[in-house]
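Let me give you the structure first, and then I'll get to my questions.
The values are calculated or read from the model by the stated rules, or taken from the named source; none is laboratory data. No experiment lies behind these values; they were computed from the predicted model shown. Note that we place each Cβ from the backbone using ideal geometry, even for glycine, and neighbour counts take in every protein chain shown. Surface accessibility is based on the protein's heavy atoms, side chains included, excluding ligands, DNA and RNA. Shrake-Rupley method; radii C 1.70, N 1.55, O 1.52, S 1.80 Å.
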Amino acid sequence: MSTDVNVKMEALAGVDPNALPLQVKDLQVEFRTRNGIAHAVNGVSFDLRAGETRAILGESGCGKSVTAQAIMGILDSPPGFITGGEILYRGVDLLKLPESERRKVRANRIAMIFQDALSALNPVFTVGFQLAELFRKHRGMSRKDAKARAVELLDLVKIPAAKQRVNDYPHQFSGGMRQRVMIAMALALDPEVLIADEPTTALDVTVQAQIMALLAELQRERNMGLVLITHDMGVVADVADRISVMYAGRVIEEAGVHDIYSTPAHPYTKGLLESIPRLDLKGQQLSAIKGLPPMLTNIPPGCAFNPRCGYAQDICRQDPAPALFQVSPSRTAACHFWKEVKGDE
Amino acid sequence: MSDIVLETRDLVKHFPLTRGVVFKKQYGAVRAVDGINLQLRRGETLGVVGESGCGKSTLARLLVGLETPTSGDLFVQGKNMSQVSAEERRRGRRNIQLVMQDPYTSLNPRMTVGDIIGEPFEVHPDVLPKARRRARVQELLDLVGLNPDHINRYPHQFSGGQRQRIGIARALALNPEIILCDEPVSALDVSIQAQVINLLEKLQHELGLSYIFIAHDLSVVRHIANRVAVMYLGRIIEIGTEDEIYDNPTHPYTQALLSAVPVPDPRLRGHRDQIVLTGDVPSPANPPSGCRFRTRCWKAQDVCAEQEPMLEVRDKSGHPSACHFAEVRDVVHASE
């Protein structure tokens, strides 16, 4: 039997091929801890088109990784609970599916790359075995065929001498090569959506450039939607089409990449852009955002950013939190004073 | 007094690789730092950049005396630290203090902030009489922007950025002239990074400190440093002023490193001169012959394998670079 035999993807009921590959609507996640309820995600919504790169930008603790875990259905529960919202894959609400159906989506249609490849891979199996396992479990292939596919995949992500390296263990790979193995694993079953959670944070810049170039190439070839979760404004500027900026579990600004960088409409986005040093500018003044992000167990009333914000007025300190205002037909910002923040064109 | 506060000459640190337990045999060495010459002038900031495994943290540990060099000399204010008496070496160490990378593991969780910042006085009791130490600790807390009333709190009661401020206060306790910052902001969130960088700049201005700033983030180093040294596999491969390194890099590795840094401006997308290197950094236990970068270099010729390029000025750029074919290429502003 040849290895390129096209085994049919497991069927999933109710899929509308014309619907978007991924839509998140008003997602709510909370963590019930001993110190109270932490509201990690408070109504996150975004769409993802085929072939599009959506960046979710935010600092640690803003809920970006929890959002990814909720989409993948790998949230630790307890303590984490999804308390509301919808996650639609081509019109099917994943949150309503039983686990057995959900499994057909995971890795098959929506796959994920993790930040730390060393802890995401199993140290006691060879990478070849771990890659082949996907084909054996999801596609019912024989060991031999599955192994051959694993070699093809390592080749695809440009690991030199793939035929030999397939029998190596994760610790025998360097950081960049290990991240390539992770990408190979995520792409194995040809998913339509790839979620990358800080894929290059642990890597050096020269290796980061290699990995981002590889991801972009594979995405283009397959017309795959990419959700890139990161805190790195530089990486986002290089690859993203649309950006959702998150703060304290909410999306506080959503826009195309050029709008965000040229005319940020939320004080937090603006503050972030002014606080990063740039390689191509010298003698630049850094204006830091004062204060600290809030505790998720104790988010201030009104706009969560108000204690750190230079624009804050009384209205910002009162509930409800500002809704997402329509700044232009293609962008929104959750600030009462977005006009002032954005300034005139 | 001379203007050079710190100098190294051919500083080398090799970590032996041994085999066997009873009959230990050395079969090689990790050449973490392999012949470093640098000078730090009073009041300046020298940035040291390089990828992980290039030896920059070992260099930091050598400079503060946490490691003994295998060979080579370290001069602190003109005194050769390997030739002075133990007592004098101890005094010399007061003048050079370290701010560590990870504010979560570098502070003892069972000590109060007051004890942490006051501990240098236990080691060097003649600096300040006991009675005045508490007041000095509070003064230091105020200096780094923390509330002096929080002196009895524990590290876990502070956020990452605040902990890094505690680490900075501890480094300042003995009034050093030189502060060595080993990746001081890389563990912090973006919005907090700027606060700590601004604090470091303010302190340098007020106290006349000299910094050695070790980081892998080239944008941060450009912001804070006056001069920059680029390291690769235990060697400095290019050194110069901030302008020379960022606007006129001549070593291919520096050029590749700079071109790989993403710039937060989407208008530059696709217009930048990106050099994507192939392969990984070779093992420092077995560095390539000749030029250490030749295995990943697109300019490599036979001579690169045979002859190690010295760190010297070769072209009109005016700053030293360890490449036989050093040539200016502006990768940062290549958008036009």
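How many nm is it between the label spots at A:Asp319 and A:Lys339, if each spot is 7 Å from the Cα in line with the beta carbon?
2.9 nm
Just for chain A, what percent of DSSP beta bridges are antiparallel, to the closest 5?
Numbers: 30 of 49 bridges.
Percent antiparallel among DSSP bridges in chain A is about 60.
Something else: Return the percentage of antiparallel bridges among DSSP beta bridges fully within the protein assembly as shown, rounded to the nearest 5 %.
That works out to approximately 60 percent antiparallel.
To continue, here is another question. Restricting the count to DSSP beta bridges whose residues both fall in the range B:175-266, what percent are antiparallel, rounded to a multiple of 5?
Values: 6 of 11 bridges.
If we restrict to bridges inside the range B:175-266, about 55 percent are antiparallel.
Still on this structure: State in Å² the accessible area per residue of the protein assembly as shown; use a 1.4 Å probe, count heavy atoms of protein chains only, and round to the nearest integer.
On the way: 29840 Å² over 681 residues.
For the protein assembly as shown, the per-residue accessible area is 44 Å².
Calculate how steeply helix A:127-139 sits against the longest principal axis of the alpha-carbon atoms of chain A, using the helix alpha-carbon long axis, and give the answer as 0 to 90 degrees to the nearest 10.
On a 0 to 90 degree scale, this one is about 90.
Next question. Quick one: helix B:190-207 against the long Cα principal axis of chain B, what's the angle to the nearest 10°, folded into 0 to 90?
70 degrees
Threshold 20 Å², probe 1.4 Å: give the residues of the range A:56-81, in number order, that are less accessible with all protein chains present than with their chain alone.
Residues of the range A:56-81 that lose at least 20 Å² of accessible area once the other chains are added: A:Glu59, A:Ser60.
Among A:Leu154, A:Val124, A:Met141, whose Cα sits farthest toward the positive end of the charge dipole of the range A:100-181 (+1 at Cβ of Lys/Arg, -1 at Cβ of Asp/Glu, about the Cα centre)?
A:Met141
Once you keep just the Cα pairs under 8 angstrom separated by 6 or more residues, what percentage relative contact order results for chain B?
Details: 633 pairs, mean separation 65.0, N = 336.
Averaging sequence separation for qualifying contacts and normalising by length gives 19 percent for chain B.
Can I ask one more? Please report the carbon-and-sulfur percent of the accessible area for chain B; probe 1.4 Å, protein heavy atoms only, DNA, RNA and ligands left out. List each step's numbers first, then the result.
Details: 7070 of 14870 Å².
After summing per-atom areas, the C and S share lands at 48 percent.
Need one number: buried accessible surface between chains B and A, 1.4 Å probe, both sides summed, DNA, RNA and ligands left out, in Å² to 100. Intermediate values should be presented prior to the final figure.
On the way: alone 16710 and 16810 Å², together 29840 Å².
The buried area between B and A, both sides summed, comes to about 3700 Å².
Right, here's the next one. Using a 7 Å offset from Cα along Cα-Cβ at B:Phe15, what residues in the range B:54-80 end up with backbone N under 20 Å from the label point?
B:54-72
Let me make sure I get this right: for chain A, a, b and c are the square roots of the gyration tensor eigenvalues over alpha carbons, sorted descending. Under 1.5 in a/c it's rounded, otherwise prolate if a/b > b/c, else oblate. Which is it?
Working: a/c = 2.03, a/b = 1.61, b/c = 1.26.
Because a/c hits 1.5 or more and a/b exceeds b/c, chain A counts as prolate.
Give me the net charge for the shell around B:Leu207: Cβ to Cβ below 13 angstrom, other residues only, Lys and Arg +1, Asp and Glu -1.
Working: positive: B:Arg42, B:Lys202; negative: B:Glu139, B:Glu177, B:Glu201, B:Glu206.
Net of charged neighbours comes to -2.
Trypsin sites (Lys or Arg not before Pro) within the range B:80-145: which are DSSP loop residues with at most 10 other Cβ atoms inside 10 Å?
Counting only loop positions with at most 10 other Cβ atoms within 10 Å, the trypsin sites (Lys or Arg not before Pro) in the range B:80-145 are B:Arg110.
How would the range A:230-345 be classified by its alpha-carbon gyration tensor: rounded, prolate or oblate, with rounded meaning a/c under 1.5 and the a/b versus b/c comparison settling the rest? Walk me through the intermediate numbers first.
Values: a/c = 1.62, a/b = 1.32, b/c = 1.22.
The shape class here is prolate.
Right, here's the next one. Relative contact order for the range A:85-243: what is it in percent, counting Cα pairs under 8 Å that are at least 6 residues apart?
Values: 189 pairs, mean separation 43.3, N = 159.
Relative contact order here is 27 percent.
Each residue of the range B:305-313 in turn: what ³J(HN,Hα) in whole Hz from Karplus with 6.51, -1.76, 1.60 and θ = phi - 60°, glycine and Pro shown as x?
Coupling constants for the range B:305-313: 7, 8, 10, 7, x, 7, 7, 8, 6 Hz.
Do the alpha carbons of any pairs in A:Lys282/B:Lys56; B:Lys79/B:Lys316; A:Lys163/B:Lys56; A:Lys270/B:Lys56 sit beyond 28 Å of each other, and which pairs?
B:Lys79/B:Lys316; A:Lys163/B:Lys56; A:Lys270/B:Lys56
What FRET efficiency would be calculated for the residue pair A:Asp190, B:Asp273, taking the C-beta separation as r and a Förster radius of 30 Å, to the nearest 0.05? Walk me through the numbers on the way to the answer.
Working: r = 34 Å, r/R0 = 1.14.
Efficiency, rounded to the nearest 0.05: 0.30.
Run the dipole for the protein assembly as shown about the Cα centre, Lys and Arg Cβ at +1, Asp and Glu Cβ at -1, nothing else charged, and hand back the magnitude in debye, nearest 20.
Values: 79 positive and 80 negative charges, 383 e Å.
I would put it at about 1840 debye.
Now, a different point. When the helices in the protein assembly as shown are scored as -39500 (n - 2.57) per DSSP H run of 4 or longer and the sum is shared across all residues, what 222 nm value do you end up with, to the nearest 500 deg cm²/dmol?
Details: 22 runs with 210 residues, N = 681.
It comes out at -9000 deg cm²/dmol, rounded to the nearest 500.
Apply the Karplus parameterisation 6.51 cos²θ - 1.76 cosθ + 1.60, with θ equal to phi minus 60°, to every residue of the range A:17-26 and state each ³J(HN,Hα) to the nearest whole Hz, in sequence, with x for glycine and proline.
Once θ is set to phi - 60°, the couplings for the range A:17-26 become x, 8, 6, 5, x, 8, 9, 10, 10, 6 Hz.
Using protein chains only and a probe of 1.4 angstrom, how many square angstrom of B:His324 are accessible, to the nearest 10?
Accessible surface of B:His324 is approximately 50 Å².
Only four residue types carry charge here, +1 at the Cβ of Lys and Arg and -1 at the Cβ of Asp and Glu. Report the dipole size of the range B:243-286 about the Cα centre in Debye, rounded to the nearest 20.
Values: 3 positive and 6 negative charges, 51 e Å.
Dipole magnitude for the range B:243-286 comes out near 240 debye.
Working from Cα positions, state the angle (0 to 90°, nearest 10) between the long axis of helix B:160-172 and the longest principal axis of chain B.
Approximately 80 degrees, to the nearest ten.
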